[in-house]
Amino acid sequence: MILKLIDFLRDRLSLVIRLSYVGLALLVAWDVLFVSKEHAHTAVEHIPGFWAAFGFVACVVIIIVSKWFGHRGIMTREDYYDN
Amino acid sequence: MITNFWLHPALILIVGAFILPFLPKWLKRPYLIIVPTLAFLDVLSMQGQNGTFGVVRFLDWYLTFGRVDGLTMVFAYIMTLMCIIGTIYGLHVEDDFQHIAAWLYVAGSLGVIFCGDYLVLFLFWELMAFASVFLVWFRRRPESQAVGYRYLLVHTAGGLALLAGLVLRYQATGGDLSFGPIGVGSPSISTYLIMIGFLLNAAVPPFHAWLPDAYGEATVTGAVFMCAFTTKTAIYALARAFAGMEILVPLGVCMALYGVVYAVLENDSRRLLAYHIISQVGYMVAGVGIGTELAINGTCAHAFAHILYKGLLFMGCGSVLHMTGKSKFSDLGGLYKKMPRTFVFTMIGGLSISAFPLFSGFVSKAMIVSAGFEVHNYWAGFLLTMASAGTFLHTGLKVPYFIWFGKNNCSQETWDKAADPPWNMQLGMGIAAFLCILIGSYTPYLYNMLPYQQAAAAYHPYTAYHISETMQILLFTALGFFLLIKKLAPEPKISLDLDWFYRMGGRGFFWLARKPIQWADNCVSEGYRYVGLIPLMTTANFWSWFDWHAIDGVVDGLAKTVRGIGGAVRRVQSGQLQYNIFYAVSLVAVALVIYVFA
C-alpha cells in the first residue's frame, strides 16, 4: 500500500510539485487573512508571511554557511585518521 | 504494608541482567521482555507516592537511593519505557552480554534519576559510562575498540571533574552531600566543576565530540539505548541542580546551531542523527538555563519526546545498517521499494523531531521556545526557531530523501540485501512511532506527568497562530531544501570536529614519546656511559684487583686448611653406597653401645 501510494505520486511528480506550490501559497494566505496575531511575541511577527520568509531564509543560510564552513578544511578525506 | 515497600527499578534490571546468561534458550526472549516491563510497572506503582525511600547508612553518611517526586517520575517513566522498546528492538541479538550491558547502562541512568545525594549519583554516573562503552566495543570492528577507549577516557575526565566538584562542595558546605538546587545565584568553583561534569554528559560544546564519535560506531541496538540515556540523564541532573543558571541559555543555543551545521556536512546517517542529538539537547540545556516553570516543564517534555523520536530514528537508520551493512548516504539511496515500512517509521520520527503538528515535538519544543520569548530573551527564541528549521532540513528531509529516494548509490549487494528488518525490530519502531503520535495528538498524556502542573495546564500548543507559524517555517524550509538539493548531495567525506585535538594530540604524545623523549633518553644513556659507567668500571677493576691480591691472600690461608680437612674426609667417602651404609650403621652401633653401657 505504501509502495503504491509513493509510486502513484512519483508518476505525477510535476502535478505534485505544482500542488505543493499552491499549498504554500494557501498557507501564507490563511496566515495573512485569518490567523489572529495576538499570540505573537514580537512586532516583526506581524509582518505578513514573516515566518514563511524566516523558514526559507533560515534554511538557505544554514545550507550555505555550513557548506562554506565545511569546505574551509573541516570536511576531509575519510581515511584522515588512519595511520 | 505495601506502601512501605519500595523497590529500586535499577535493582530489577541489575539482578535481571545477571540471571540472563543462566537461563535456557527458550526462556530468554520472554524474559527479555518481562524484566524491563517489571521495572516499568515498578515505576508506575510509585506514582503519587512522593517521598524519600531506600536510605542506607554507609560509614558516616546516609545515602539516599530513592527520592521520588514529579521531576524524578517523568524521567523514570520514559526511561523504563524506552528500555522495553529498545530491548524488543534488540530481541534478535543472541549475545547475552549486549543485553546485560544495555540493562546495566539503563540501571545507571535510573540510579541517577532516583538518587538523593552526590555519592550515589557519582556511583551510578560511572556505572553508566562503564556499561555503555561495551555497546560500542560489541560492534567488534577494529575501530570500535579505539572509539570505545576514547569514549571511556572522555567520560572518565568528566567524572573526575564531577568528583572534584563534589569533594570541594562537601568541604565548603561542611559535609552536605544532598543533590538538589545547587545555588546558581552564588556559584563557586565547585559549582562550575560539577556543572562541567554534567555538561560533558549532555554533550555541550566543547565537550561534545565523544557523542557522534561513539554513537556512529555503536552496535545497531546499542546506539538505540545510547541515544536515549546519557544526555537525558545529564539534562535531568542539570534540571535538578542548575535551573536558572543563565550561562546555560547561550550554551544551549550554540549547541542547537552547532549540531545543525555539522549535520549539513555529515555523510553517515547515524552520525547525522548524533549531531542532531546535540542540537535537540541544546533546547533542553537552554530550557534549564531559562529556569522558569514553563521552561523546566518544556525541558522535561522535550526530553520525554526526544527519547522516543530519537530512539525511533536510530532504530530506522539502524535497520538500514542491520539489513544492508551500510549507513552512509553515499552508499545508499532509492530504498523505498525495498524498505517501505522502515521508511514510514523513520518519517514519523523525522516529523516528530521537526515538531509537525500532531507529532510529539510540536507539543514539547514550543514550550521551551515560548519560555524564552516570555522572559524576553528574543535572540534565544529566534535562534532556537532557526535551529528547528535546520532540524526539519536534515532529519525530516535529508535522511529520508537520501536513503529512500534520491540517487541510488547502492551496490548490487546492498540492493539485494535491503529489506524491512525482522518483526521484533519493526515492533520496536511501531511502538515508538505510536507513542510519538499519541504524545503529539493527545496532550494530557504527557502534560499530566510534568513537574509543574499549573504551568502545564496553562499552556496550549494548538493555537491557530502556533500551527500557522510552525507550518510556515517547516514548509518553506522544505522549499529551500528542494531548491538547493544539489548543494546537499552526499559527499564521501568526514568532518573534523573538536575530537581532532585529543585524537591528534594523542598522536602528538606518541610522537613526543618516540622522537624527542627517546632522543633525550639516548642522550642520558650516553652521558651516563661517559660520566657514570667508565669511572664505575675503573673503580670496579681496582676493587677486583684488591680482592684478588689482598683479601684472597688472607682468606687463602684459611681455605688451604679447609681443603686439607676436606681431602682427608674425601678419602673416607668413596662414593659407594654400601660403604656409606656401613659407616652410618657403625656410627649408630657405637652410639648404642655408649648409650647402653654409660
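The values are calculated or read from the model by the stated rules, or taken from the named source; none is laboratory data. These figures come from a predicted structure and were not determined experimentally. Cβ coordinates were reconstructed from backbone atoms using ideal geometry, including for glycine residues, and neighbour counts include every protein chain displayed.
What about B:VAL261, is it surrounded by 20 or more Cβ atoms within 10 Å (Cβ to Cβ), modelled with pLDDT under 95 and more than 17 Å from B:PHE122 (Cα to Cα)? Break it down into steps so the answer makes sense when it comes.
Values: surrounded by 20 or more Cβ atoms within 10 Å (Cβ to Cβ): yes; modelled with pLDDT under 95: yes; more than 17 Å from B:PHE122 (Cα to Cα): yes.
When the stated conditions are applied, B:VAL261 passes them.
The criterion of being part of a strand (DSSP E or B) and β-branched (Val, Ile, Thr) holds for B:THR52.
Just checking, does segment B:284-294 include any residue being in contact (Cβ under 8 Å) with a residue 40 or more places away in the chain and in a loop (DSSP other than H, G, I, E, B)?
First, pick out the residues of segment B:284-294 that are in contact (Cβ under 8 Å) with a residue 40 or more places away in the chain: B:284-294.
This time we only want the ones that are in a loop (DSSP other than H, G, I, E, B), so: B:291-292.
Among the residues of segment B:284-294, at least one is in contact (Cβ under 8 Å) with a residue 40 or more places away in the chain and in a loop (DSSP other than H, G, I, E, B), which makes the answer yes.
Just one of the numbered conditions (1) touching a residue at least 40 places away in the same chain (Cβ under 8 Å); (2) out of contact with any strand residue (DSSP E or B) (no Cβ under 9 Å at 6 or more places or on another chain); (3) of a type outside the set (S, T, N, Q) is not true of B:VAL68: (2).
Would you confirm whether or not segment B:315-325 contains a residue that is within 14 Å of another protein chain (Cβ to nearest Cβ) and at pLDDT below 95? No, that holds for no residue. Of the residues examined, B:THR443 is not one that is free of Cβ contacts under 8 Å to residues at least 60 places away in the same chain and among the polar types (S, T, N, Q). Among helices (runs of 4 or more DSSP H) entirely within segment B:456-541, having at least 3 residues that are within 14 Å of chain A (Cβ to nearest Cβ) singles out B:464-483, B:499-514.
Yes or no: segment B:245-268 includes at least one residue that is in a helix (DSSP H, G or I), among the charged types (D, E, K, R) and either out of contact with any strand residue (DSSP E or B) (no Cβ under 8 Å at 6 or more places or on another chain) or more than 20 Å from B:THR385 (Cα to Cα) (or both). Walk me through it before giving the result.
Within segment B:245-268, the first condition is being in a helix (DSSP H, G or I), and the residues that meet it are B:248-265.
From what is left, the residues that are among the charged types (D, E, K, R) are none.
No, that holds for no residue.
Checking the conditions here, which among B:PHE225, B:PHE229, B:PHE207, B:PHE198 is among the aromatic types (Phe, Trp, Tyr), under 26 Å from B:LEU272 (Cα atoms) and surrounded by fewer than 24 Cβ atoms within 10 Å (Cβ to Cβ)? Spell out how you get there, then give the answer.
Details: B:PHE225 fails: surrounded by fewer than 24 Cβ atoms within 10 Å (Cβ to Cβ); B:PHE229 fails: surrounded by fewer than 24 Cβ atoms within 10 Å (Cβ to Cβ); B:PHE198 fails: surrounded by fewer than 24 Cβ atoms within 10 Å (Cβ to Cβ).
Checking each option against the conditions leaves just B:PHE207.
Residues B:THR191, B:THR173, B:THR231: which one is under 27 Å from B:ASN297 (Cα atoms), in the same structural domain as B:VAL147 (by TED's automatic domain parsing) and polar (S, T, N, Q)? Criteria check complete, one pass: B:THR231.
Is it true that some residue in segment A:47-54 is surrounded by 12 or more Cβ atoms within 10 Å (Cβ to Cβ), touching a residue at least 24 places away in the same chain (Cβ under 8 Å) and at the interface with chain B (Cβ under 10 Å from one of its Cβ atoms)? Within segment A:47-54, one or more residues are surrounded by 12 or more Cβ atoms within 10 Å (Cβ to Cβ), touching a residue at least 24 places away in the same chain (Cβ under 8 Å) and at the interface with chain B (Cβ under 10 Å from one of its Cβ atoms). For segment B:58-66, the condition of being outside the structural domain of B:TRP423 (by TED's automatic domain parsing), touching a helix residue (DSSP H, G or I) at 6+ places or on another chain (Cβ under 6 Å), crowded, with 19+ Cβ neighbours inside 10 Å and of a type in the set (S, T, N, Q) holds for none of the residues. Looking across segment A:1-46 at every residue that is of a type in the set (D, E, K, R) and under 19 Å from B:PHE476 (Cα atoms), the one that is nearest to the other protein chains (Cβ to nearest Cβ) is identified as A:ASP31.
Where helices (runs of 4 or more DSSP H) fall entirely within segment B:353-439, those with at least 1 residues that are within 18 Å of B:LEU308 (Cβ to Cβ), more than 14 Å from chain A (Cβ to nearest Cβ) and in contact (Cβ under 8 Å) with a residue 60 or more places away in the chain are at B:360-374, B:399-404. Summed over segment B:154-211, the residues that are within 21 Å of the chain's Cα centre (by Cα) and in a loop (DSSP other than H, G, I, E, B) give a count of 8. Between B:SER327, B:SER352, B:SER319, the distinction of being touching a strand residue (DSSP E or B) at 6+ places or on another chain (Cβ under 6 Å), in the same structural domain as B:GLN454 (by TED's automatic domain parsing) and not charged (D, E, K, R) belongs to B:SER327 only.
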